[in-house]
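Please read the structure below before turning to the comments.
Bear in mind these aren't lab numbers, they're just calculated from the coordinates by the rules spelled out. Owing to the predicted nature of the structure, the values given are computational and were not obtained by experimental measurement. Every residue, glycine as well, gets a Cβ built from its backbone with ideal geometry; the counts of neighbours run over all protein chains shown.
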Amino acid sequence: MARRSRKYMTCPKNKFRFLTPSLCSVCDSIENCNSFREFYKRNKKKYDKFVYETITKFPEKYQLEVIFMATKQVFIQIVDKKTGKIEEVVNSRTLDAMDIEKKIALTRGKELYIVTHKVEPVIKIEMKQVKISEPVSYVEPDQSLNLEIDSKLEEEVPQPAKIEPAEKTTKKTTKKPTTKVEEPTEKAEKKSTPRKKKTVKND
């Protein structure tokens, strides 16, 4: 069974949005977008009409830009032998589906070349670049008044005097002489001598 062709296609970047001329005409990645190629084949007139209308309505903001969209398929390029001009670029599937008589009439006196990519020009909307000649102020008029009042208040309020750090005074340190304290050894010697036993004399 053949698959049903999808009427509506979603954007690969914004998956919850359907493809529309207003969405695709501003996008930066339509050159390599597969879903836009199918959308452009079906809605080519609608897309071109929208782009021209927006540029005519807002000529100061937008400008027209042309990009080259490449479709990757097997194409057959029909070139005239005498003049060397490219007359037509036909898809290989459409050429295979033709009758033998049509094929002969189409390729009589002509050369055929196999092409892998077909480049198609597509128009696009681009924002106009404006040169800035004057300095831009990002402050609103209400904010500028507040800033002036704040600056006047700062001038009136006296600022506290700066306290200079005190100079560090260097103190001279004197070393005390170290003297060894002689411990009393006499008491220790007395304690160390053993006591003499008392002898009792018998009359």
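Here the label points at Lys110 and Lys57, each 7 Å from Cα along the C-beta direction, are separated by 4.2 nm in the simple model. Each Lys or Arg adds one and each Asp or Glu subtracts one; over the other residues with Cβ under 15 Å from the Cβ of Ile78, this totals +3.
For the pair Val79 and Ser22, label points projected 7 Å from Cα toward Cβ lie 4.6 nm apart. Normalised by 2.2 N^0.38 Å, where N is the number of residues, the alpha-carbon radius of gyration of region 45-105 equals 1.79. Remark: region 52-63, residue by residue, has Karplus-estimated 3J(HN,Hα) of 5, 5, 5, 6, 6, 6, 10, x, 6, 8, 10, 9 Hz, where x stands for each Gly or Pro and the curve is 6.51 cos²θ - 1.76 cosθ + 1.60 at θ = phi - 60°.
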